[in-house]
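Readers should treat all values here as calculations from the given coordinates under stated rules, not as data from a laboratory. Bear in mind the structure is a predicted one, so any value in this text is a computation, not a measurement. Cβ sites come from the backbone with ideal geometry, for glycine too, and all protein chains shown count toward neighbours.
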Amino acid sequence: MRRLIGDIRFVVAVIGGGVIAVGLFLLMHQFISTNRQVKVSATTVNLVNFVQVQRESKVRTKNYNLPKPPPKPKNPPPKTQIQTTAANAVQNRSRSLNVKLSGVSFGGTGVVVGNYAPPTNTSGYAPLTPMVRIAPLYPPQAAYQGVQGSVYVCFTVEPDGSVSSPYVKRASTPQVRRMLGQAALKNILQWKFFPRKVNGKPVATRPVCQPIQFRIPRGEASQGG
């Protein structure tokens, strides 16, 4: 009897387990099918359609035309001719004022002083005349090597008689220019002049050119050589 009851319980348990297993399977199947539908519907709802706008492939360009230059006048204005004539007159006048003074030979040191001013004529003109001429300092290196010669210096004499803007135009030799040129320029700045007068008034004179000669006394030249 006990064995029969045990068999019945076993059969009931097996049948109940099978029913429960089939129910769980059906429940899981239903849940899975429902989840798929939700996902599909959600995916379908979230789709967005973008409208693409076609861009123009050609670039629009604008042509900017520069204004045409005005035509050149056939006949130049008379003002330009007047200015050119005046400029040529000034250049010719400046060239005519090239004054060459007498050469001065210095051997050592010394000062030459002119103690009187040149007379002014009835039209108010007076020539340019040196007032004070100072001997240049002989560069020691040039004296030791026995370099001597003349340096041709040009400059401007201002209305007050002072010297400005000197420059070496030429020299007797390249060596003289190189070794004695600066000494000549420093020297000419120490000179003083009675200025040239026009209509009774002192005026600037340019260019004034003066040769400055450098000579070494014979005794010193022989020692240097």
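In this structure, the amide hydrogen of Ala171, modeled 1.01 Å from its nitrogen in the peptide plane, lies closer than 5 angstrom to those of Tyr152, counting only residues at least 5 positions away or on a different chain.
Highest mean first, what order results for 2-11, 147-156 on Cβ atoms within 10 Å? Kindly include the intermediate steps, with their values, before the conclusion.
Working: 2-11: 9.0, 147-156: 19.8.
Result, highest mean first: 147-156, 2-11.
The HN-Hα couplings worked out from phi for region 160-177 by the Karplus form 6.51 cos²θ - 1.76 cosθ + 1.60 (θ = phi - 60°) are 8, x, 7, 9, 9, 6, x, 7, 8, 7, 6, 9, 5, 9, x, 5, 5, 4 Hz, whole numbers, x standing for Gly and Pro.
When ranked by the protection proxy of mean other Cβ atoms within 10 Å per residue, highest first, what sequence do the peptides 14-22, 186-194 form?
Numbers: 14-22: 10.0, 186-194: 18.6.
Ranked from most to least packed, the peptides come out as 186-194, 14-22.
Ranked for footprinting exposure by Cβ neighbours inside 10 Å, fewest first, Met131, Met1, Met179 give Met1, Met131, Met179. Charged neighbours of Pro127, selected by a Cβ distance under 10 Å, balance to +2 (K, R count +1; D, E count -1).
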